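First up is the structure itself, then whatever we jot down about it.
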Amino acid sequence: DVKVTQSSRYLVKRTGEKVFLECVQDMDHENMFWYRQDPGLGLRLIYFSYDVKMKEKGDIPEGYSVSREKKERFSLILESASTNQTSMYLCASSLRETQYFGPGTRLLVL
Amino acid sequence: AQSVTQLDSQVPVFEEAPVELRCNYSSSVSVYLFWYVQYPNQGLQLLLKYLSGSTLVKGINGFEAEFNKSQTSFHLRKPSVHISDTAEYFCAVSGTGGFKTIFGAGTRLFVKA
């Protein structure tokens, strides 16, 4: 079974802090994704990566950056957290068309 | 570009009743279609997918969906639901040439005893 793990299930941060969300997959997948999930809006793509050190902006990249130094790890960085970044963050990986998701990180920015 | 519309935000239903969750999509290219399910406090997992071939697709837990190209729909059905089916269901679409997936807003299914 594909396993996608995320470093934290719950996180509380202060406005202005730098926040790192880590995601690791164990299936040698080329593609990795970061989404945020908000009620009534579904999942919105923040960034994705199709290879090591490669990244592409998704639909809502503002205020976020990413890093992919190793194939199995994809990090999401909030450079200066703001209250409107309070959300559920989901990481996913894929080899072809099917995505496999981690359990999510619920982030609260105070 | 693709888009997905899930026509119901919440669907309450009694246990053992049938259910249909509706999904419409738009796309200028050929598509793959998916339904994912999210149980409380978990990530999403694939329920079923349509890539090509038969338009009736069977998935896990007794769910099935039918791809209707003329109506650009991919509705999800189950003939008899269980309490354990209570979850949020997401319809999704991707172009056959790429790997970006567009998700709908989700439908919350509540199964009542």
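Odds and ends about this structure:
- When segment A:54-82 is filtered for residues that are outside any loop (DSSP other than H, G, I, E, B) and either within 14 Å of another protein chain (Cβ to nearest Cβ) or touching a residue at least 40 places away in the same chain (Cβ under 8 Å) (or both), the ones remaining, listed by number, are A:56, A:57, A:73, A:74, A:75, A:76, A:77, A:78.
- Within segment B:98-109, the set of residues being within 14 Å of chain A (Cβ to nearest Cβ) and either in contact with a Phe, Trp or Tyr (Cβ under 8 Å, 6 or more places away or on another chain) or touching a residue at least 40 places away in the same chain (Cβ under 8 Å) (or both) comprises B:99, B:100, B:101, B:102, B:103, B:104, B:105, B:106, B:107, B:108.
- Within segment B:67-97, the residues that satisfy the criterion of being in contact (Cβ under 8 Å) with a residue 24 or more places away in the chain, in contact with a Ser or Thr (Cβ under 9 Å, 6 or more places away or on another chain), away from chain A (no Cβ under 14 Å) and in a strand (DSSP E or B) are B:67, B:76.
- Answer residue from segment A:83-110, given it is of a type in the set (Ser, Thr, Tyr) and surrounded by 14 or more Cβ atoms within 10 Å (Cβ to Cβ) and is farthest from the other protein chains (Cβ to nearest Cβ) among those: A:86
- Flag if residue B:29 is of a type in the set (Val, Ile, Thr), more than 11 Å from the chain's Cα centre (by Cα) and farther than 24 Å from residue A:35 by Cα: no
- Picking from residues in segment A:12-44 that are surrounded by 12 or more Cβ atoms within 10 Å (Cβ to Cβ) and without any contact (Cβ under 8 Å) to a residue 24 or more places away in the chain, the one that is nearest to residue B:36 (Cα to Cα) is A:42.
- Test: residue B:112 is free of Cβ contacts under 8 Å to residues at least 60 places away in the same chain and more than 11 Å from chain A (Cβ to nearest Cβ): no
- Strands (runs of 3 or more DSSP E) (entirely within segment A:1-53) containing at least 2 residues that are within 13 Å of chain B (Cβ to nearest Cβ) and within 15 Å of the chain's Cα centre (by Cα): A:4-6, A:19-25, A:31-38, A:42-49
- Residues in segment B:25-66 that are part of a strand (DSSP E or B), modelled with pLDDT of 95 or more and more than 14 Å from chain A (Cβ to nearest Cβ): 5 in all.
- Residue in segment A:52-73 that is in contact with a helix residue (DSSP H, G or I) (Cβ under 7 Å, 6 or more places away or on another chain) and surrounded by fewer than 16 Cβ atoms within 10 Å (Cβ to Cβ) present: yes
- Checked against the criteria, residue A:90 does not count as in a strand (DSSP E or B) and at pLDDT below 95.
- Among the residues of segment A:51-62, the one identified as farther than 17 Å from residue B:102 by Cβ and either aromatic (Phe, Trp, Tyr) or at pLDDT 95 or above (or both) is A:62.
- Residue that is farthest from the chain's Cα centre (by Cα), among those in segment B:51-86 that are closer than 27 Å to residue A:91 by Cα and surrounded by 20 or more Cβ atoms within 10 Å (Cβ to Cβ): B:85
The values are calculated or read from the model by the stated rules, or taken from the named source; none is laboratory data. Since we're looking at a predicted model, the values are computed, not measured. Ideal geometry is used to build each Cβ from the backbone, glycine not excepted, and the neighbour counts take in all protein chains shown.
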